[in-house]
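Asks: Below: one structure in structure tokens.
What follows is calculated from the coordinates using simple rules that are stated; it is not laboratory data. These numbers come from a predicted model, not from an experiment. Methodologically, a virtual Cβ is constructed for each residue, glycine included, from the backbone with ideal geometry; neighbour enumeration extends over all protein chains shown.
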Amino acid sequence: MSKITKSSTAEYFAKNLQQVGFSSPLKAVLTTLKEAVDNSLDACEGAEILPELEIEVKKVGIGSTKNTDLIKIVVEDNGPGIDADDLAKVFGEYLASSKFGRGQCSRGQQGIGISAATTWAQMTNAKGVQVISKTKSMKKAVSAQVDVDIKTNTGIVRNKTTLDWKKTNGTRVEFLMDGRIQMNGDGGLLTYIDGTVLVNPHLTVTHKMGDNEKTTVERVSNDSPEIPEATLPHPHTFKLGEFITHSHLYGKISLSKFLKTGFSRISDQSIKDFVKNGLPKNLVEKTITTMNEEDFKKAFQAVQATELMAPSTKSVLTVGEDSLSKSINRLGEVDFFSVMTRKPTICDFKPVVVEVALARFINRGSEGEPVQLLRFANRVPLQFDKSGCAITWAIESVNWKSYGLSQPKDSLPQGPYVFAVSIVSPFIKFKNASKETIDASDELVEEIRRALMQAGQKLSRHIKHEMKEADLERKLAHIEQFGPILVEKLVSISGANASRKKKAEEGLRKILGRDSDDAVNQLEEAQTKLAAQKQKEAKKMSSADEADKGSQ
Amino acid sequence: MALIKVRELRLDIPKEAKNLAEKMLSDLEKSKRPYLEAVKTSLDNSNYNSKVGYLTPGEKMVRTELNVSSVQKLARVVFMLEILLRNLDIGAVNTKRELYYICKGLIKGDGKYKPLDFEDQDESDGIIDFIGDMLEVYREELNCYANDRGGQTYSQQLVVTETLPDGDKANVDLSTLGTTPFQPKNRPQSLKLKAKKKIDFCLVVESEGTAGTLQSMGFTKRNNCILMGAQGVPSNGVRGWCKLIENQLDVPMYFFGDLDAYTMQNIFRTLKAGSAASLIRNGDFSAPNVRFLGVLPGDVKKYDLPHYKVKESDPAEARQLKKAKDALENDPFFRDKKNKELSDILRWLIKEKIRCEQQSYFSVDPRDPIKTEKIILEKIRRGDYV
């Protein structure tokens with residue numbers, strides 16, 4: 001028999017980096033950037049700091065692997081900084097996270113991403129990540145290289161020094177790794193920046209991507225999002241194994257106490273209901289440390305069989321319609337747009353909020369192309385494998401033709417639009433660890449679909465006014481073009497003389513003049529309506545602006 | 001040289017057209033909205049009486065009054081009308097396709113006509129049909145013909161005598177044509193039919209290819225009959241030709257085609273009673289005595305014919321089934337009690353959702369090359385038709 005060995009978590013991920021977003025040189029660069037930015041934004045929000053990021057992605061040479069470039073990726077933030085002692089854990093250890101499973105809408109969840117980026121850099125360029133960090137309490141900033149010790153899943157700090165730094169607090173990470181740069185399109189760096197900018201109205205970012213100019217996008221909101229308190233888990237979202245493991249966190253307490261303090265939506269009444277639904281009475285006050293698996297199973301089954309209030313939706317964070325409206329303008333010159341934030345709801349026993357922004361831009365996209373789709377999960381852009389994603393499914397299931405957009409069968413609609421759909425939930429079910437696609441459950445797709453249809457209805461008011469305008473203009477042109485031909489041919493067939501022709505022409509002008517007057521009036525009405533709606537939207541944006549100024 | 005006429009027309013088309021133009025012009029002079037009226041050619045304006053035998057127009061008219069939306073159509077109508085009148089005047093004829101290109105040439109040659117331009121032939125065909133419905137005359141009476149399609153005919157007994165426009169006569173004995181079929185023109189012809197020997201029946205086969213196959217296996221050698229291929233939905237030429245055979249020879253006529261909703265509604269019904277689109281000319285372009293020989297639902301079981309399920313996921317198939325349901329409710333032909341056996345076939349098709357093609361007879365006995373012929377003859381002999 002061959003020898004069975006145990007490998008470390010780091011070893012597993014080092015061998016399976018494709019599972020966490022490092023399946024191609026292109027994805028490696030984007031994923032690294034994404035992980036670094038996610039960490040910065042989460043850290044800033046945690047410390048209630050308005051984030052200011054500086055990003056640089058640049059080709060600096062030839063990669064060690066075939067057909068790759070050596071890419072430098074730098075992300076610098078003004079966050080709270082990381083203590084020198086934590087550097088190894090944060091950048092060099094897998095599953096070391098401050099956020100794992102705590103039920104908050106943070107971007108990061110498990111503590112895999114940035115360590116995977118470090119591993120990739122280490123494997124392709126023999127060096128982990130170069131970090132500079134300073135907290136407010138530190139006199140000098142600390143600078144070090146962090147590597148992953150793959151055999152033991154621990155971080156190794158090398159060349160640690162201190163230095164004077166321009167910032168009072170913040171973190172700067174620098175990766176050198178094999179990769180490739182793509183600017184536009186679904187997997188493009190600029191697409192990523194657009195998306196991040198859109199759903200983070202409070203973010204100021206300066207970026208220099210490849211040979212592009214250095215660009216700064218200012219924040220449009222001065223409110224750091226308030227991260228809602230984490231809520232206790234709902235028992236119906238658990239499986240038996242999780243239920244037993246969860247109990248270990250609570251030590252020597254009775255089952256009833258464990259249920260009431262360890263979960264949400266369980267009251268004294270619920271405990272009585274559990275008994276009615278088969279929970280043995282002797283278990284209710286039994287200490288959980290003395291319960292065996294059979295006991296847990298009985299308790300768990302009774303809990304699952306009992307109807308409970310749906311989970312609370314308080315833990316869900318949204319961007320909000322006002323902020324989204326303003327943020328859209330940072331992507332380019334908006335012709336018109338519509339935003340929709342749905343009320344928090346429960347899908348698959350998890351609280352979820354769907355937000356949708358549909359916007360038409362003056363200098364982006366074209367009529368014959370599919371709309372640009374920006375997908376977000378907890379405010380992180382999702383850029384790969386869109387065909388399997390719940391968001392894409394929902395968009396394709398909507399009949400956009402009824403809102404005035406053209407749409408090939410079973411596809412995304414077409415036109416110079418950006419469709420941004422954001423799903424926020426403390427527990428998003430991804431299809432894979434690299435967080436590229438949201439698993440499509442029927443309930444979730446339906447919820448997204450509803451949001452899209454509401455946004456679509458708002459959008460269609462614009463489009464319909466425009467179509468009416470075009471239609472009327474066409475009719476007016478008709479009168480001028482076809483009237484004279486009609487008279488000419490009638491005269492020719494009937495053999496009438498020139499004076500009759502003149503009279504008929506006058507008559508025609510009178511008839512069609514009445515029609516064209518009507519058409520002109522209708523046209524004016526349509527234009528007024530369109531203008532009024534645009535004004536209403538402009539007002540929405542500016543009033544949100546003023547509210548911001550007031551809060552400064 | 002006078003053209004051959006389809007019928008004795010009492011209407012003087014140029015005079016009628018001139019009156020119409022005169023009326024429209026005088027309306028315009030008075031700043032009144034001129035209008036055009038035509039027979040409404042749709043099922044909801046179709047009547048059917050089994051004694052008459054074909055669909056006839058009801059009272060409904062479509063009225064096109066001049067306004068910003070209709071001015072384009074009206075201008076196109078008078079533009080086309082002028083060309084047709086010129087043709088009538090000088091005795092020239094054109095096909096629909098030729099008229100399409102003639103219009104395009106005139107329009108492109110003169111900047112002021114540019115807005116009239118037709119994007120495809122369907123648009124100009126629609127205008128020609130409207131003029132016919134408006135004047136209540138046949139397209140053929142406007143000297144506008146369609147291309148020949150279908151009607152390839154084989155017989156050892158049939159002799160056709162054609163009187164040509166210059167008075168010359170041509171005698172065509174179909175038995176002398178070898179493998180070549182006789183094909184009626186899709187335009188008026190003056191034909192006299194004669195049977196050298198008693199003709200027992202006339203068989204119209206939906207597929208022109210299958211008619212050819214039967215012929216090459218010696219069908220007309222063994223049977224005193226007329227064998228004809230319809231080539232799908234029968235053209236005016238085929239419909240007029242069947243009518244002529246019916247009128248002049250008085251032989252039983254049978255139709256043999258696929259067992260599906262399309263064949264029943266679009267091909268067989270059009271051959272027997274005309275169509276809603278051609279309401280004003282069904283009288284001369286339908287053969288009310290034709291019977292549906294098969295494929296009948298009963299044949300599927302009796303001969304164990306290969307058949308298959310209609311794919312409802314296929315939009316074209318689903319549309320046919322929906323149309324069949326519509327026909328049962330709204331088509332006066334299928335609603336008529338006399339045609340109950342035909343509408344029963346539609347009901348059966350809707351219920352069973354299967355289809356069976358005419359070529360399935362070829363699979364009944366793979367070792368017998370003339371099995372299809374034998375089945376057809378057996379069915380005729382036993383009266384196994386609807």
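Asks: Looking at chain B as a GNM with Cα springs under 10 Å, which of B:I90, B:I370, B:I267 has the largest mean-square fluctuation?
Replies: Of B:I90, B:I370, B:I267, the most mobile in the Gaussian network model is B:I90.
Asks: While we're here: Taking H placed 1.01 Å from N in the peptide plane, check which residues at least 5 places from A:T437 or on another chain put their amide H under 5 Å from its amide H.
Replies: A:K431, A:N432
Asks: Say the dipole of the range B:153-382 comes from +1 at the beta carbon of Lys and Arg and -1 at that of Asp and Glu; which of B:G178, B:T213, B:I350 then lies farthest toward its positive end?
Replies: Final value for the positive-end residue is B:I350.
Asks: Right, something else. Return the whole-Å distance between the Cα centroid of the range A:275-329 and the Cα centroid of the range B:147-216.
Replies: Each part reduced to its Cα centre gives a spacing of 85 Å.
Asks: Right, next: Would you be so kind as to identify which of A:G388, A:F336, A:G365 lies farthest towards the positive end of the dipole of the range A:321-461, taking Lys and Arg as +1 and Asp and Glu as -1 on Cβ and the Cα centre as origin?
Replies: A:F336
Asks: Additional query: With chain B treated as a Gaussian network of Cα nodes joined by springs under 10 Å, which of B:P252, B:P184, B:P315 yields the largest mean-square fluctuation?
Replies: Looking only at B:P252, B:P184, B:P315, the biggest GNM fluctuation is shown by B:P315.
Asks: Is the shape of chain A best called rounded, prolate or oblate, per the rule: a/c under 1.5 gives rounded, else a/b larger than b/c gives prolate, else oblate, with a ≥ b ≥ c the square roots of the Cα gyration tensor eigenvalues?
Replies: prolate
Asks: Which of the residue pairs B:K198/B:K323; A:K3/A:K252; B:K272/B:K379; B:K30/B:K73; A:K89/A:K208 have a Cα-Cα distance greater than 31 Å in the structure shown?
Replies: B:K198/B:K323; A:K3/A:K252
Asks: Report the net charge of residues surrounding B:Q189, where surrounding means a beta-carbon distance below 12 angstrom and charges are Lys +1, Arg +1, Asp -1, Glu -1. Walk me through the numbers on the way to the answer.
Replies: Values: positive: B:K5, B:K185, B:R187, B:K192; negative: B:E140, B:D148, B:E162.
In short, +1.
Asks: Rounded, prolate or oblate: which fits the range A:361-423, taking a ≥ b ≥ c as square roots of the Cα gyration tensor eigenvalues, rounded meaning a/c under 1.5, else prolate when a/b beats b/c?
Replies: In terms of gyration-tensor shape, oblate.
Asks: Applying the Karplus parametrisation 6.51 cos²θ - 1.76 cosθ + 1.60 with θ = phi - 60° to the phi angles of the range A:147-163, what ³J(HN,Hα) value in whole Hz is obtained for each residue in order, glycine and proline being reported as x?
Replies: Each residue's phi maps through the Karplus curve to give 10, 9, 8, 5, 5, 10, 6, 10, x, 10, 9, 10, 6, 6, 9, 10, 8 Hz.
Asks: Shielding of A:471-478 by partners, i.e. mean partner chain Cβ atoms within 10 Å per residue?
Replies: Partner Cβ neighbours, averaged per residue: 3.
Asks: Report the net charge of residues surrounding B:T161, where surrounding means a beta-carbon distance below 9 angstrom and charges are Lys +1, Arg +1, Asp -1, Glu -1.
Replies: Around B:T161, the surrounding residues sum to +2.
Asks: Going by Cα centres, the range A:154-185 and the range A:47-85 are how many Å apart?
Replies: One Cα centre to the other: 5 Å.
Asks: Going down the table (B:K221/B:K374; A:K58/A:K160; A:K350/A:K386; A:K510/B:K18; A:K72/A:K160), which pairs top 18 Å between alpha carbons?
Replies: A:K58/A:K160; A:K350/A:K386; A:K510/B:K18; A:K72/A:K160
Asks: While we're looking at this one, here's another question. As I understand it, the dipole of the protein assembly as shown uses +1 on the Cβ of Lys and Arg and -1 on the Cβ of Asp and Glu, about the Cα centre. Which of B:N266, A:A43, B:I83 lies farthest toward its positive end?
Replies: It is B:N266, whose Cα lies furthest towards the positive end.
Asks: Top mean-square fluctuation among B:L20, B:L296, B:L244, Gaussian network model of chain B, C-alpha springs under 10 Å?
Replies: B:L20
Asks: While we're here: In chain B, what % of DSSP beta bridges are antiparallel (nearest 5)?
Replies: Around 65 percent antiparallel, to the nearest 5.
Asks: Using a 10 Å cut-off around each Cβ, can you sort B:K23, A:K435, A:K276 from fewest to most neighbouring Cβ atoms?
Replies: Working: B:K23 15, A:K435 26, A:K276 10.
With the sparsest Cβ surroundings first, the list reads A:K276, B:K23, A:K435.
Asks: What order do you get for A:330-342, B:156-168, A:458-470 when each peptide is scored by the mean count of other beta carbon atoms within 10 Å, highest first?
Replies: Ranked from most to least packed, the peptides come out as A:330-342, A:458-470, B:156-168.
Asks: Another one. Which value, in debye to the nearest 20, describes the size of the charge dipole of the protein assembly as shown about its Cα centre when Lys and Arg Cβ atoms bear +1, Asp and Glu Cβ atoms bear -1, and nothing else is charged?
Replies: 1380
Asks: For B:Y145, what residues show an amide H to amide H distance below 5 Å, using hydrogens built from the backbone and excluding near sequence neighbours?
Replies: Amide H to amide H, under 5 Å and 5 or more residues apart or across chains, B:Y145 pairs with B:N94, B:T95, B:K96.
Asks: Let me ask you something else. Place the peptides A:194-205, B:194-205 in order of packing, highest mean first, counting for every residue the other Cβ atoms within 10 Å and averaging per peptide.
Replies: So the peptides A:194-205, B:194-205, ranked by packing, come out A:194-205, B:194-205.
Asks: If you don't mind, there's one more thing I want to ask. What are the semi-axes of the equivalent ellipsoid of chain B, taken as the square roots of 5 times the eigenvalues of the Cα gyration tensor, listed largest first and rounded to whole Å?
Replies: In descending order, the three semi-axes are 40, 26, 18 Å.
Asks: While we're here: Ignore the peptide's own chain and count Cβ atoms of other chains within 10 Å of each Cβ in B:79-91; give me the average, rounded.
Replies: Whole-number average of other-chain Cβ neighbours for B:79-91 is 1.
Asks: Additional query: Quick one: Karplus J couplings for the range B:311-327, per residue in order, coefficients 6.51, -1.76, 1.60, θ = phi - 60°, nearest Hz, x for Gly and Pro?
Replies: Working through the residues one at a time gives 7, 6, 6, 6, x, 5, 5, 4, 5, 4, 5, 5, 5, 5, 4, 4, 4 Hz.
Asks: Taking the mean number of other Cβ atoms within 10 Å as a proxy for protection, how do you rank A:19-30, B:64-75, A:163-174 from highest to lowest? Display every interim value, and only then the final one.
Replies: Working: A:19-30: 22.2, B:64-75: 19.2, A:163-174: 17.2.
Result, highest mean first: A:19-30, B:64-75, A:163-174.
Asks: Hey, got the average number of other protein chain Cβ atoms within 10 angstrom for residues in A:489-499?
Replies: Average neighbour count from other chains, rounded to a whole number: 6.
Asks: Excluding A:L279 itself, what net charge comes from residues whose Cβ is under 12 Å from its Cβ, given Lys and Arg +1 and Asp and Glu -1?
Replies: Values: positive: A:K272, A:K276, A:K281, A:K286, A:K297, A:K298; negative: A:D273, A:E285, A:D295.
Its environment carries a net charge of +3.
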